[in-house]
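Where a number appears in this text, it was derived from the coordinates with a stated rule and is not lab data. Bear in mind the structure is a predicted one, so any value in this text is a computation, not a measurement. All Cβ positions, even for glycine, are placed from backbone atoms using ideal geometry, and neighbour counts span all protein chains on display.
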Protein chains: 2
Amino acid sequence: MTKPPLPTRLSGPAESPGFLLWKISNAWQRRQRAALQPYELTHSQFVLLATATWFATSETLTQARLAQLCGVDPMTTSQVLRALEAAQLIQRVDHPEDPRAKAISVTKAGRDLARKAVVAVEEADAAFFAPLGSDTKRLVAMFQALIEGNERTEADSK
Amino acid sequence: MTKPPLPTRLSGPAESPGFLLWKISNAWQRRQRAALQPYELTHSQFVLLATATWFATSETLTQARLAQLCGVDPMTTSQVLRALEAAQLIQRVDHPEDPRAKAISVTKAGRDLARKAVVAVEEADAAFFAPLGSDTKRLVAMFQALIEGNERTEADSK
DNA sequence: CGCTTATAATAAGCGCGCATACTATCTGAG
DNA sequence: CTCAGATAGTATGCGCGCTTATTATAAGCG
């Protein structure tokens, strides 16, 4: 070793938490894709459909509210919800009180599909994190700390 | 509570490791995007450029080899490398021994940019995981276990 | 009341991460 | 040597995640 080609990065990317996070997230999404394929849903479609199913009973959902609940950006939410509407899993009608907004409701087909898909998703999720065993709880705690700690930073930079 | 709208999913998605993983990965990519913006690089471009810089001194890189080293799929690798070539950060010449393959080399501009960008990336990375403090090591270990444990499963399903 | 500011949704467009399919070439078994 | 199967790279196309910009409307302030 005369002169390493890059500063730091001591022994390749294998130990960088960010690099690993990226790889794991990709692997997880492949898993989810496979698990959701029988239902012809993508992961984002599932998240929005499931969350809408969950909250539609307790409040009148708008796209913006749903985006906030799921942590999906409003642009993507708009696009994905239109796909869900085209598949007749949800309905988007003009909001009774705010003509700018759309009121989101879930059709019976949507509810039924969500109920079936959520089982497959949670199964795939459990299988993916199974290698951690009981440490999974610890991972969840770390994840929550990361979200907490970075939410603030992101809000600052706006 | 008369009848929950969905089976399981006991108290919303906030505790699902997969859901958290997805949110965190998105947040991390936003951070990386911001950190790399001054260099006009995307995350994938950086990873491929940095890895090429790292390994080009020790072996004759092909796209397939680079894809394998980075864990990026070959199709994306092809596309991203062409972007890097257009930016004159790498070169793709016909491989001397295998006419199917391209030999990848990094230009001086590419090396210089990689050297600068890697600092910004590692800084952003450190800031992102800072909330975990010394537990970061534990997270890395969990990540490695997850990759290990799921690599096998994915290979099986092919 | 009028006016500024914030908000709901969308159009257009970019790059990644795939899946699928195709061409050209290498490699190994017989 | 031949030929089947693996491999390197790419075209095409889809959906997400995001940026920027636009339209329409709501909400707050003087």
Completion exercise
Computed ³J(HN,Hα) along the stretch A:53-64: with the Karplus parameters 6.51/-1.76/1.60, θ = phi - 60°, integer Hz and x for glycine or proline, the list is 4, 5, 9, 5, 6, 10, 7, 8, 7, 10, 5, 5
Fill in the blank from the handout: Distances in nm between the label point of A:THR107 (7 Å along Cα→Cβ) and its equivalents in the other copies, shortest first, are 5.3
Practice task
Take every Cα pair under 8 Å in the stretch A:26-132 that's 6+ residues apart, average their separations, divide by the length, and report that relative contact order as a whole percent.
Solution key: 32
Fill in the blank from the handout: In order over the stretch A:123-135: 3J(HN,Hα) from phi, Karplus 6.51/-1.76/1.60, θ = phi - 60°, whole Hz, x for each Gly or Pro, gives 5, 4, 4, 4, 5, 5, 8, 4, x, 7, x, 6, 5
Fill in the blank from the handout: Helix A:74-86: inclination vs chain A longest Cα principal axis, degrees, rounded to 10, gives 50
Practice task
Once the label point is placed 7 Å from Cα along Cβ, list for B:GLN29 the distances to the corresponding points in the other copies, in nm, shortest first.
Solution key: 0.4
Problem - Helix B:136-156 axis, angle to chain B major axis (alpha carbon atoms, nearest 10°) - result: 80
Exercise for the section: Describe numerically, in nm with one decimal, the distance between label points set 7 Å from Cα along Cα→Cβ at B:THR57 and at A:ASP98. Expected result: 5.7
Exercise for the section: Determine which chain A residue has its Cβ at minimum distance from the rotation axis mapping A onto B, giving the value in whole Å. Expected result: A:SER25, 2
Exercise for the section: Work out the count of Lys pairs in the protein assembly as shown where the Cα-Cα distance is under 22 Å, with the pair 8 or more places apart or on different chains. Expected result: 14
Handout entry: Environment charge of A:THR77, counting only residues whose C-beta is closer than 14 Å and scoring Lys/Arg +1, Asp/Glu -1
Key = +2
Exercise for the section: Let me know the charge dipole size of chain B about its Cα centre in debye, to the nearest 20, where only the beta-carbon of Lys, Arg (+1) and Asp, Glu (-1) is charged. Expected result: 420
